[in-house]
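**Q** Structure in structure tokens, see below.
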Amino acid sequence: MGIIDWMIVALFLLGLTAIGFFFSRKNRNMEDYFVAGRSMPTWLVALAATGTSISAGTFVGSPELGFNTNITFIMSCVGAVIGGFFVALIVLPKLYRAQTITIYGYIGERFGDPSKRASSVMFLLGQLFTSGSRLFIAAIAVSVMAFGAIDFRFIMYSIIILGVISTIYTMAGGIKGLLYIDALQILLVVGTGVAALALVFSQLGMGLGEIVERLNAGMVKIPGQAAYAMAADGSMTGWEPGNKLQLMDPRFDITKPYNLAGALIAYAIFKFAQFSTDHEFVQRQLTCRSVKNAGVSLVYSQLMAIPIVFIFLSIGLLLYVKYTADPALGASSGFFTDARDVFPQFIRNGIPTGVRGIMIVGLLAAALSSFNSAINAMASSFVSDLYLPIRQARGKAVSTDAAQLGSSRKMAALMGLVLTGFAIVTAVMQQASGLNLVDFATGVMCFSYAGMLGVFITALYTRRGNTRSVIAALAAGLMVVLLLQPYILTPLSTALFGRPLFIAWPWWCPIGALVSTAICLSGRPEKRSLAASQSDTIG
């Protein structure tokens with residue numbers, strides 16, 4: 001990287017910090033800090049929610065996915081729209097009427113404070129996996145840019161740098177500052193993605209017809225292979241012929257993540273769980289002026305994500321054409337063995353100084369927009385659902401606005417530090433899982449979503465459940481998803497049934513949620529819970 005690139009990056013990071021501290025003066029109390037006084041415009045929340053969805057997993061992982069497979073992942077974005085529509089229709093009205101700072105306050109009203117705390121703890125645990133993985137993926141790219149290679153030591157340095165910077169401006173500005181920052185960052189992500197796509201295309205020296213022909217007769221990775229490689233003569237190990245422009249796969253196969261059933265059913269259920277139980281996402285909608293605006297912003301954010309994901313998948317497709325057009329170059333690149341850094345390496349080596357700095361800013365925007373959202377959401381859940389209630393129960397209530405605001409900022413700093421540390425753990429997990437970056441970053445969310453979806457379904461649509469069944473359902477959802485992990489399920493099924501089993505990650509959440517719902521429904525309602533459910537349950 002040249003001095004101009006570093007100057008562009010430094011100006012970007014200083015700008016984010018300045019915005020955070022500017023909005024720090026506008027936070028008068030905890031509600032301002034965490035839900036912006038429920039006063040934010042729809043367009044801003046939609047852009048910010050898109051920024052939260054489009055993480056480093058999209059910026060770095062989607063080119064890897066396009067390079068290795070095809071564009072069937074686009075259908076999962078359609079599934080996300082379906083999931084978001086149903087959340088806007090049947091979940092957000094209930095959460096708005098509850099008027100709680102976090103969605104787990106609703107669980108507390110329905111089942112009592114212990115259930116609220118258990119749900120909040122599960123959310124915090126899930127965020128450690130989810131946001132830790134996003135930061136790790138961003139660190140892969142930063143490691144390539146700053147140090148020239150993917151190395152665990154360099155990735156650790158990059159994680160610390162990104163984590164500290166993001167924590168500082170998130171702690172200062174609260175949710176209002178983050179909404180403006182996230183909106184700015186998603187615009188940067190889109191702009192740099194379009195520019196990168198144009199640059200790759202211009203460097204190929206081929207017409208569009210030739211590119212399409214090469215992609216139609218392309219190769220895709222075979223899942224579960226022990227080795228992937230490309231030889232100098234163009235022969236490829238661990239790959240099979242496949243149309244890389246395939247959009248829809250109608251086959252029902254639970255080992256494939258993005259066929260129509262996986263994308264439109266399993267992934268839609270996964271997104272329903274995310275948009276209704278994950279406070280990182282719901283928090284954006286709770287800042288809107290009305291439930292109608294919240295629903296519109298949620299659906300629009302997922303519609304906007306479709307062309308953005310397609311841009312980054314297309315970058316991976318064009319890079320595949322680039323490296324297969326010259327077998328000697330492809331064999332020496334190493335990307336046919338490990339394509340995690342295929343796009344970061346292109347930015348580092350294939351883009352001129354100055355433009356490279358702008359590309360890195362786009363990468364950082366994608367990385368930080370999701371990480372800072374997690375910090376604020378975790379802090380709001382920890383403060384509202386755990387810290388303040390526990391202090392009050394011990395007779396040491398934090399009652400003044402200034403004291404609550406100070407506690408909120410301290411917890412935001414703590415959550416940032418914890419997430420930064422946990423990102424290093426996810427680096428080891430991704431290597432063991434054998435999943436590509438996109439599947440890993442989204443699959444780890446299922447650890448918390450499966451159990452929480454079962455609890456929310458019980459709370460919203462039935463009069464069943466109690467504290468014990470809530471806690472058991474949360475634990476069961478986590479355990480089911482853990483058992484479905486490839487590095488556990490495959491050897492376990494081989495030992496038990498004599499053949500390996502593999503279940504694609506979008507099905508983890510529906511399977512886990514089915515088990516957790518049954519367990520939560522098994523609990524007889526307590527008197528307080530029954531009274532609340534009679535006045536508050538849908539249907």
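**Q** Go ahead and run the numbers for FRET between L89 and L260, Cβ-Cβ distance against an R0 of 25 Å, rounding to 0.05.
**A** 0.65
**Q** Suppose R0 equals 30 Å. What FRET efficiency, 1/(1 + (r/R0)^6) with r the Cβ-Cβ distance, do L521 and D253 give to the nearest 0.05? Let's see the in-between values first.
**A** Working: r = 30 Å, r/R0 = 1.01.
Computed FRET efficiency for L521 and D253: 0.50.
**Q** While we're looking at this one, here's another question. Of all accessible surface on the stretch 249-350 at a 1.4 Å probe, what whole percent is carbon and sulfur?
**A** Working: 2080 of 3260 Å².
Here carbon and sulfur together make up 64 percent of the probe-accessible area.
**Q** Averaged per residue, what accessible surface does the stretch 416-479 expose to a 1.4 Å probe, in Å²?
**A** Result: 30 Å² per residue.
**Q** Take A229 and L11, extend 7 Å from each Cα along the Cα→Cβ direction, and tell me the distance between the two endpoints in nm.
**A** Each label point is offset 7 Å from its Cα along the Cβ direction, giving 4.6 nm.
**Q** Roll a 1.4 angstrom probe over the protein heavy atoms and tell me the percent of accessible area of the stretch 443-513 that is carbon or sulfur. Working shown, then result.
**A** On the way: 1900 of 2560 Å².
Percent of accessible area from carbon and sulfur atoms in the stretch 443-513: 74.
**Q** Whole Å is fine, so just give me how far the alpha carbon centre of the stretch 126-169 lies from that of the stretch 286-301.
**A** That distance is 31 Å.
**Q** Also, quick follow-up: Let's test the formula: R0 of 41 Å, r as the Cβ-Cβ distance of L208 and R97. What FRET efficiency results, to the nearest 0.05?
**A** Calculated value: 0.20.
**Q** Take the solvent-accessible surface of the protein heavy atoms, probe 1.4 Å, and return the percent of it on the stretch 174-244 that carbon and sulfur atoms account for.
**A** The nonpolar share, carbon plus sulfur, comes to 62 percent.
**Q** Between L125 and D338, 0.36 nm times their residue separation minus their Cα-Cα distance comes to what?
**A** Extra length from L125 to D338 when fully extended: 73.7 nm.
**Q** For the stretch 216-270, which trypsin sites (Lys or Arg not before Pro) pass both filters: DSSP loop (anything but H, G, I, E, B) and at most 13 other C-beta atoms within 10 Å?
**A** Working: sites: K221, K244, R251; in loops: K244, R251.
Sparse-neighbourhood loop trypsin sites (Lys or Arg not before Pro): R251.
**Q** Taking the Cα centre of the stretch 150-296 as origin and charging only Cβ (+1 Lys, Arg; -1 Asp, Glu), how large is the dipole, in debye to the nearest 20? Could the numbers behind the result be given before it?
**A** Working: 11 positive and 10 negative charges, 114 e Å.
Computed about the Cα centre, the dipole is about 540 debye.
**Q** Just reorder I160, I315 by solvent-accessible area, largest first, 1.4 Å probe, all chains present. Before the final figure, lay out each step's value.
**A** Details: I160 80, I315 0 Å².
Ranking I160, I315 by accessible area, largest first, yields I160, I315.
**Q** Could you work out how much longer the chain between L187 and L501 gets when fully extended? Use 0.36 nm per residue separation minus the Cα distance between them, nm to one decimal.
**A** Stretched out fully, the L187 to L501 stretch lengthens by 108.9 nm.
**Q** Here is a further query. Quote the accessible area belonging to E109 in square angstrom, nearest 10, computed with a 1.4 Å probe and with ligands, DNA and RNA left uncounted.
**A** Accessible area of E109: about 80 Å².
**Q** Fully extended, how many nm does the chain gain between I4 and V194 (0.36 nm per residue separation, minus their Cα-Cα distance)?
**A** 66.3 nm
The values are calculated or read from the model by the stated rules, or taken from the named source; none is laboratory data. Note that the coordinates shown come from a computational prediction; the quantities given were computed from them, not determined experimentally. Quick reminder, even Gly has a Cβ in these numbers, built from the backbone with ideal geometry, and neighbours come from all protein chains shown. Calculation scope for accessible area: heavy atoms of the full protein, side chains included, ligands and nucleic acids excluded. Shrake-Rupley method; radii C 1.70, N 1.55, O 1.52, S 1.80 Å.
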